[in-house]
Structures are given as C-alpha cells and as structure tokens.
Protein chains: 2
Amino acid sequence: MDVNPNMALVAAIISDKTRSKMIFIMLDGRFHSASELAYMAGIKPQTATFHLKKMTEAQIIKVEKQGRHKYFGIKDPGVASVLETFLSIAPQFEVRSLKKSPRDKALRSARTCYDHLAGNLGVKLVSALEKKGVLVKENDKYEVTNEGIEFLATLQINIYELKKKRRSFSHKCLDWSERKHHMGGALGNAIFEKILEFGWIKRLPNTRAIKITTLGEEHIPKIFNIDL
Amino acid sequence: MDVNPNMALVAAIISDKTRSKMIFIMLDGRFHSASELAYMAGIKPQTATFHLKKMTEAQIIKVEKQGRHKYFGIKDPGVASVLETFLSIAPQFEVRSLKKSPRDKALRSARTCYDHLAGNLGVKLVSALEKKGVLVKENDKYEVTNEGIEFLATLQINIYELKKKRRSFSHKCLDWSERKHHMGGALGNAIFEKILEFGWIKRLPNTRAIKITTLGEEHIPKIFNIDL
DNA sequence: TAGATATTTCCATTATTATCGAAGTATGAA
DNA sequence: TTCATACTTCGATAATAATGGAAATATCTA
C-alpha cells in the first residue's frame, strides 16, 4: 500500500453492515456492477451509490466505467489483505445470489463489447496472445511485440495501418462477466472483424451474443493455442 | 482467540474515538478502573459505563471486580495484537494523564487490601513465593505445594488450620496500582499478620498504607529472595 | 428519433448512537 | 449508622448516518 489509510476511517466504513456485505462480495477479487452489489446487499440502487461513493473516497475500492455500467472492486491487494484480516475473525453473511437468466448465460460465453470480442472468448483470446508473446501489458493498454507483428500478419492484420487510425490502439477493457481484461481499441476491433470475416464466429440476431461456428471450433484452438 | 467476534462489531467498536482512546490506554497491558478510564478519555462515568459495557459484550475487554471498583483490561493477547495493528497506524490520541498525589504514591508502594498485603510489596511477595515453588497458580486462586507447606511452617503458619476457616483460602486479588495479582484470602491474611507480628512492617495511622521497618528491610529480602 | 437500462442527485424520513443530568445501588470508611 | 466513593440505570437530547422515493443524467438499443 502506498497510501496509509486512516484506520479509524476504514473501521467506520467496515462497521456498517451493508458495506460489510458489499466488501465481502468484492473480496472475490472481481469487479461488480453497482446494481449487482445493490441487489446482493438487499438495498436500492440509490443507497448503493451512497455507500460506493463513501468507500471510493476512503480509497477502499476503485471503479472502472464501462459505458453506462460502473464496475467496483477492492482497490489493491494491500487493502484486500487488511480487509481479509477483519473478515478472518468474522462470521459469514447471507448474500442473495444472482439469478442467471439463460440470455445472460449466453452473453457470458462470447459477445461483442462495442466493436470487439468480450466474454469468455474475449478474455481467453487476450490471455492466449499474452502467453504466446504477441501482446505485453503496459499500464492500461497492450503493446504488440516484434514477434506479435509477424503473428498478426498471418491473420492479415497490419499494425502500422491500425496505428494510423484516430482511435485508441489497444486499451484494456474490463469484462463484466469474466471480471478480467479483454482488449478494446483498433486492434481488438481488427481481430474481431477478421475472425468474423473468416467465418470462425457469427453474430446472433437481436443480441450482442456471438456464436463460435464449426469452422471456428476447428481453427481458433489451433491458431491461438486455447481450449474452447 | 477462542471466540469469533463479529467483524462489523469489532470495526464499530474501533471506529468510535472515545472507545479508541480507552483501548489505547488499556493496551499497556494493565487493568484500569472505570473512573480512571472515564477521566483519561475525557468523559463522564456514565458514558464510560456505556462504552465499557459495549466492549465487554464485544469480547474485546474483560473485567475484574474488586469491591466497589471494577478493573478493565484487554481480553487476551490475541485481541491485543489485532487491536495494536489497527491502532498503530491511526493518529495519536490526547489522553488526560492521572495526577498522582503524594498520598496516592505512598499507597502504591505498600498497603493493605482489606486484610492482606497489596501494592508493590504484596505483588512482589506473591511472585517471589511462586518463584520459590511455594505457590502454584490455579485458576483464580493459589495452591500451596508440599515444599510450600514446609516453608510456611518456618513462618509459623499452619496450612491445615487455615483451611478449616470459613473463608476462601488464597484467592488471586487484582492490585489496582500494580495491575497484577497479589494474594487474598486466609493465606494472604496469615502472611500479613505474621510479618506484622514479627515487626517487619507496621501500619501508618489513618490510612491503609504500610511501612517496612528496619527489621523488615533486613529480613524480608533474605527470607523471600526479593529486592525491596 | 424514442425507449430501456444503469447510475446519480436531491431530499425527507427513520434509525442509530454518544452524551450527560438525575437518581439508584453497592461497597468501604469513620 | 452515616457518609463518601465507585459504578450503574434511566431517560432526554443532539448529532450522525442509512434508507429509499422522485426525478435527472448518461448510455445503449431499436
């Protein structure tokens, strides 16, 4: 922890039962939307906003905005461990579990996030590209390595052309279903468009959900070294 | 820690400034009377009662009653270390210090506690007897060992006679100045009466204070293996 | 564009909590 | 027995904080 949070303040934050519940939920290490936290803690969205603001000001949690959503998570591992200390001596809370509708489930496996791949597939792809040495994390975006340029060329993606475009090249994008980062920006968009063009995936009508085609089931694991 | 205190509850305790002060005072490891804690925290006795009750219920502190006094202290070393951790990074508190009057000072060095020795001398005597293997702590009282029976006989104290008396034989007695235990009960009384009879100590008029005589300064260190 | 969803702001209400005066109980001292 | 001391209980008050209704803003969807 770089900042020395005031323990009395932290204690005051934790001492509220509703906030304790929310913290407990976020201690799974993932990010959760405001409405999800509200529902699980059994309060109205306005009240959730009230508490989330407090906790953000107290530097206990941080927020990542994603369009009209906001995802909240524990600020850093240091804060988490302090909170764990409190939790380690505390009993469990009853937390309402989210009912996952079938529609929701489909969205989780693969979908578009604006104009790039998200969901389980989006996250898997990015981590596969990191493992292959194609991408390197750098703050809030990804950089392409020299070997990466070659690899992307085999997918008919020209880095230099993409970089000319008037948009972010490859920002990290927090995934609401996986709670991990996938890749947005021009590069994310290019990869999405290409594998769509190759017929490896297709859009499902009236939703952001994506289906992997038979062709895709054949090629994607080979090219990216992942299991689907 | 054997009992599982509730996290939100513990946090709620710490988040109050007055309680933090009181905890801070008790973290010296000693027991403090309710009025002492009230004065040092800058609140009225009623308010202190209110907080002390809360902390006792939260299993953070425990209490030992001593006549009309009550002495409060951190429940156990485990709780103490958790509290230390949280308070160590919190800002310091201004705590009123107790003014010690000369009369008060005299009482601290040696005095009677009802009918037995208390104060520095009382505490020293008991720990010396423990070290010599005369006494063994057992819950809230002391037991006399076989060697102890012999030793006490040299002081003309007959254990078997004492045990016949209709009073507690040797309960532990919390000392308000030393905040450690000395010995009450029939045994504590017998020891007191004997060394008074030997002229090793004498009562000061109109107070509970005790003075060690020249004779006592000669014999007590020798017999009990202590420094005065 | 209109409609749906996610979150926020504003505001009034309710709940919780710390505080202390006044009066009561318990204990020790004279 | 009478008085003083240590602590507690009760009740009123004031400060603080949590809650959600109503309406606004922002973003995505159709």
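Taken together, the values in this text are just the output of simple stated rules run on the coordinates, not laboratory data. Note that this is a predicted model, so its numbers are computed, not measured. Note: ideal-geometry Cβ built from the backbone for every residue, glycine included; neighbour counts use all protein chains shown.
Tabulated results
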quantity: Nm distances between copies for A:Lys17, ranked from closest, using label points 7 Å along Cα→Cβ; calculated: 2.7
quantity: Built amide H within the under 5 Å cut-off of A:Ser33, gap 5+; calculated: A:Phe72
quantity: Across the identical copies, how the A:Ile149 labels are spaced - nm, sorted shortest first, 7 Å along Cα→Cβ; calculated: 9.6
quantity: 3J(HN,Hα) from dihedral phi, the range B:219-228, Karplus parametrisation 6.51/-1.76/1.60, rounded to Hz, x for glycine, proline; calculated: 7, 4, x, 5, 5, 9, 6, 9, 9, 9
quantity: Teacher prompt: A:Gly67 distances to equivalent labels in other copies, 7 Å Cα→Cβ, nm; calculated: 7.6
